[in-house]
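Below: the structure, in structure tokens.
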Amino acid sequence: MKTFCISHSRDVDGISSAALVVAATGASYALTDYDTLLSDLKKVPKSAERFVLCDMGVDGSDEGPFIERLAAIASRTAVTYIDHHFLQRRAMRRIEELGVELVHDERECASMLVYSRFKDALPASAWQVSLLGAVTDCMDDSPMSRRLIEGTDRLHVLAEASLLSNAVLAMKGDASFLRTAVRGLSTMAEPHELRGVEAAAFRQLKKSKELVSLISEKGVKLGRLAYVFVPEGTKGNVAELIPGAMDVPVGVSLTKTGGRYVVELRGTSRCRAHLGKAISEVAAKHGGSGGGHRLAAGGNIPASAAEESLKALEGCL
């Protein structure tokens, strides 16, 4: 095996990143999330000559174990780590000291960074796949993305990105669907051409109306944020809908899984804080982990620390 890739499973940026690595290198791949990343890093095949990790920012309490896992892989395999989430400078230094090729820029989405890194080995139309990640991560005004989107039909890109994003939300946790999406995008197929995408996207669009009702019923304001405890199994980005539904700068959703809550945060232009830094610090202090971008972040916390963590998050805003 020449190249093995691990990328984020929960959004279009991670899926597009994996597809671009596959298109450029013929890589075998796996999709992961923050709660499974450390265990999945142990599964990187020893036969791999190169390992590429995409769109998985790790900070706070998981930083040490994460770097240890990377060190073990880098001792036998060439490693490229491509990400755009907030990383402490000390973490970046430690990663580079391992001999890892670190491609990191908070101004661009991960798939745009993957496209830039592997551009010479990619088909001419691969920039379209990178724009899917940029649009859905709300980073299409970044330096690289802006140049690309100005040269094409913007509405077409937005429509394709919206289709795939809604389909991924509808099919969250369906590994078969996600792998099919990666394979299809790696051949430069557009989202509307992928089996099951349109039907799943339309189901999710209808579901969004129900989610707004859930927020109106169960949403709680806490200073500059509002939060909702989301029933397990609910599919959709509730955090993204909260700011508009409850007129706050930041929306927070909490979904219980076992004895922990998966936390999602989304901010508007009125948000003054870097949400990735905020959840990283708060979660680490309360026995969890997290990270992300300025206006979009996530993590997990023990269920027993939910109330205290929410108050601490509001204090960061």
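Any idea which of Leu211, Asn166, Leu185 is furthest toward the positive side of the dipole for the stretch 129-259, if Lys and Arg beta-carbons carry +1 and Asp and Glu beta-carbons -1?
Ranked along the dipole, the leading option is Leu211.
For the stretch 65-120, restrict the atom set to alpha-carbon positions and state the Rg and Dmax in Å.
In order Rg, Dmax, the Cα atoms of the stretch 65-120 give 11.6, 34 Å.
May I ask for the Rg/Rh ratio of the stretch 1-43, computed from Cα atoms with Rh as the Kirkwood radius, given to two decimals?
Expressed as Rg/Rh, it is 0.97.
In whole angstrom, how far apart do the alpha carbon centroids of the stretch 158-224 and the stretch 92-115 sit?
Using only Cα atoms, the two centres lie 27 Å from each other.
Where the only charges are on Cβ atoms (+1 Lys, Arg; -1 Asp, Glu), what is the dipole of the stretch 30-93 about its Cα centre, to the nearest 20 debye?
So the magnitude is around 400 debye.
Going toward the positive end of the dipole of the stretch 104-235, with +1 on Lys and Arg Cβ and -1 on Asp and Glu Cβ, which of Phe229, Val114, Ser176 do you reach last?
Phe229
Based only on the alpha carbon positions, what is the Kirkwood hydrodynamic radius of the stretch 209-317, in angstrom? Show your work: numbers first, answer last.
Numbers: mean 1/r = 0.0754 Å⁻¹.
Hydrodynamic radius (Kirkwood, Cα pairs) of the stretch 209-317 is 13.3 Å.
Which value, in debye to the nearest 20, gives the size of the charge dipole of the stretch 106-191 about its Cα centre, when Lys and Arg are +1 and Asp and Glu are -1 at the Cβ?
Around 220 debye, computed over the stretch 106-191.
Using only the alpha carbons of the chain, what is the convex hull's orientation-averaged projected area in square nanometres? Display every interim value, and only then the final one.
Working: hull surface 59.9 nm².
If I average the Cα hull's projected area over directions, I get 15.0 nm².
Working from the alpha-carbon coordinates of the stretch 162-254, get Rg over Rh, Rh being the Kirkwood radius.
1.07
Work out how far the C-alpha atoms of the stretch 92-201 reach from end to end along every principal axis, then list the three figures in whole Å, largest first.
Largest first, the stretch 92-201 extends 46, 33, 25 Å along its Cα principal axes.
Leaving out ligands, DNA and RNA, what percent of the accessible area of the chain is carbon and sulfur, probe 1.4 Å?
Values: 6880 of 13890 Å².
Percent of accessible area from carbon and sulfur atoms in the chain: 50.
Output the peptides 210-216, 184-190 sorted from most to least packed, where packing is the average of other Cβ atoms within 10 Å over each peptide's residues.
The peptides rank, most packed first, as 184-190, 210-216.
Report the antiparallel proportion of the DSSP beta bridges in the chain as a percent, rounded to a multiple of 5.
Given both bridge residues lie in the chain, the antiparallel proportion sits at roughly 45 percent.
Taking a 21 Å limit on the Cα-Cα distance, which of the listed pairs Lys43/Lys256; Lys256/Lys311; Lys172/Lys256; Lys172/Lys311 fall beyond it?
Beyond 21 Å: Lys43/Lys256; Lys172/Lys311.
³J(HN,Hα) across the stretch 75-87 via Karplus (A = 6.51, B = -1.76, C = 1.60, θ = phi - 60°), whole Hz, x for Gly/Pro?
5, 10, 9, 5, 10, 10, 10, 10, 7, 9, 7, 4, 10
Run the dipole for the stretch 234-296 about the Cα centre, Lys and Arg Cβ at +1, Asp and Glu Cβ at -1, nothing else charged, and hand back the magnitude in debye, nearest 20.
Value, rounded to 20: 120 debye.
So if I take the alpha carbon set of the stretch 154-202, get Rg, then get Rh from the Kirkwood formula, what is the Rg over Rh ratio? Don't skip to the answer; put the middle values down first.
Values: Rg = 10.0 Å, Rh = 10.6 Å.
Rg divided by Rh gives 0.94.
Given a 1.4 Å probe, how much area per residue of the stretch 160-266 is accessible, in Å²?
47
Taking the dipole about the Cα centre of the stretch 1-79, with the C-beta of Lys and Arg at +1 and of Asp and Glu at -1, give me whichever of Ser47, Ala72, Val58 is farthest to the positive side.
It is Ser47.
The values are calculated or read from the model by the stated rules, or taken from the named source; none is laboratory data. Quick caveat: nothing in here was measured; it's all calculated off a predicted structure. Using ideal geometry, Cβ is built from the backbone for each residue, glycine included, and neighbour counts are taken over all protein chains shown. For the accessible areas, the whole protein counts, side chains as well, though only heavy atoms, and no ligand, DNA or RNA atoms are used. Shrake-Rupley method; radii C 1.70, N 1.55, O 1.52, S 1.80 Å.
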